[in-house]
Ligand code: NAP
């Protein structure tokens, strides 16, 4: 059987690290991407994973990370930021939210999807949030909900544009105990990662263009 390669962004800690670990367990070759190279190496070592320096807010960093990775069959756009304040009071937070959670994922998909199409296999998972759902009310501080809603829209659009050999989905991990989620959150990083691992390893007839939590569709 072919061993697939997965690239997970923001994988040095939190949900990204749990996704990377779940994918190693599922038998994939995993590349841990993190903006701090030492943190990437430290996270990769115990998993027997590869690692690459990647700041998803920096187009040049994306370009060199993509070159360093070689073939990538599975892309997990996990890196995220939660900046404080009201949207109109924090323009820097808004810009960073869009750079990390929308433009970076767009550039990574743009760089990696053509080869997935050529090889006839791809899985793209966008780690979103219920705060990016119109039905759930677009929540969170600063630009967080706006960016996650845009990431959801990116998911729908890219899924429509790519052939059905490349499955593109968004997911919400729930409220997870990480640096972002805080210690009082009820879910472990592994529980938060479960749906992303499932979407990363979907069979060929799996869904595309959907939004999931706990492996079930949720409304946009
Ligand atoms: P976390 O522990 O704060 O981890 C965030 C990760 O994103 C870190 O690895 C961080 O790297 C990375 N990151 C931030 N900016 C980056 C950049 N410019 N380039 C590359 N990496 C960058 O948060 P988490 O809870 O695991 O969040 C993971 C994803 O789940 C995010 O997309 C978040 O929005 C989503 N989510 C989380 C929850 C929750 O309750 N925790 C709920 C819904 C959705 P550094 O270590 O370098 O900062």
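For the range 102-145: of the residues being assigned to a loop (DSSP other than H, G, I, E, B) and within 17 Å of the chain's Cα centre (by Cα), which is nearest to the ligand (Cβ to nearest atom)? Only one residue fits best here, namely 129. Of all residues in the range 160-177, those satisfying the criterion of being away from the ligand (no atom under 16 Å from the Cβ) and surrounded by fewer than 21 Cβ atoms within 10 Å (Cβ to Cβ) are 160, 161, 162, 163, 164, 165. Against the numbered list (1) in contact with a helix residue (DSSP H, G or I) (Cβ under 7 Å, 6 or more places away or on another chain); (2) more than 13 Å from the ligand (Cβ to nearest atom), residue 88 comes up short only at (1).
In this entry, residue 146 is excluded by the filter for residues that are surrounded by 24 or more Cβ atoms within 10 Å (Cβ to Cβ), within 17 Å of residue 170 (Cα to Cα) and in contact (Cβ under 8 Å) with a residue 12 or more places away in the chain.
Read-outs throughout are calculated quantities, based only on the coordinates presented, and are distinct from any laboratory measurement. Just so you know, these numbers come straight off a predicted model, no measurement behind them. In this analysis, Cβ positions are derived from the backbone assuming ideal geometry, glycine residues included, and neighbour counts consider all displayed protein chains.
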